[in-house]
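Structure first, then comments.
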Amino acid sequence: MCFAGGPHLEPTVVERDVWIGHGVTVLQGVRIGEGSVIAAGSVVTKDGPPNSIVAGNPGRVLRERFDSQTLADHCKALLANGFD
C-alpha cells in the first residue's frame, strides 16, 4: 500500500516452511526466516533468523527449531516430497 507523499514501505517477507500461530501480529518490513515457528499471539517487531522459534510481545527468539543433524534430515525430507 502506498500513500502519495508518504514514506517508502518495506515489504514484509515470510520465507518458506514457516508456521505462524493464531493471532500473530507481524509488523511491516519484517523478514521471518525459513523454517521458523511463530507462537500464537506473538508480536513480531524485528527479523527472525531461519529455523528459530519466536514467541512473546515483543517477539523474541527462544531457541533454534532443530539441531544441525535434524535440520539436514528435515531439509532432505522436504526435497524428497517436492518442496524446493
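Can you report the number of residues in segment 39-55 which are crowded, with 18+ Cβ neighbours inside 10 Å, within 10 Å of VAL26 (Cα to Cα) and not hydroxyl-bearing (Ser, Thr, Tyr)?
So the count comes out to 1.
This table checks each residue for (1) in contact with a Lys or Arg (Cβ under 9 Å, 6 or more places away or on another chain); (2) acidic (Asp, Glu).
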site	(1), (2)
VAL13	yes, no
ARG16	no, no
ILE20	no, no
VAL26	no, no
GLU34	yes, yes
VAL43	no, no
ARG60	no, no
PHE66	no, no
LEU71	yes, no
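With the requirement that a residue be of a type in the set (Gly, Ala, Ser) and either in a helix (DSSP H, G or I) or crowded, with 18+ Cβ neighbours inside 10 Å (or both), what does segment 56-84 give you?
GLY59, SER68, ALA72, ALA77, ALA80
Give the residues of segment 5-21 that are within 26 Å of THR70 (Cβ to Cβ) and either part of a loop (DSSP other than H, G, I, E, B) or out of contact with any strand residue (DSSP E or B) (no Cβ under 8 Å at 6 or more places or on another chain) (or both), sorted by residue number.
GLU15, ARG16, ASP17, VAL18, GLY21
Values quoted throughout were computed directly from the atomic coordinates according to the rules given, and no laboratory measurement underlies them. Everything quoted here is computed from the prediction, not taken from an experiment. All Cβ positions, glycine included, derive from the backbone under ideal geometry; neighbour counts span all protein chains shown.
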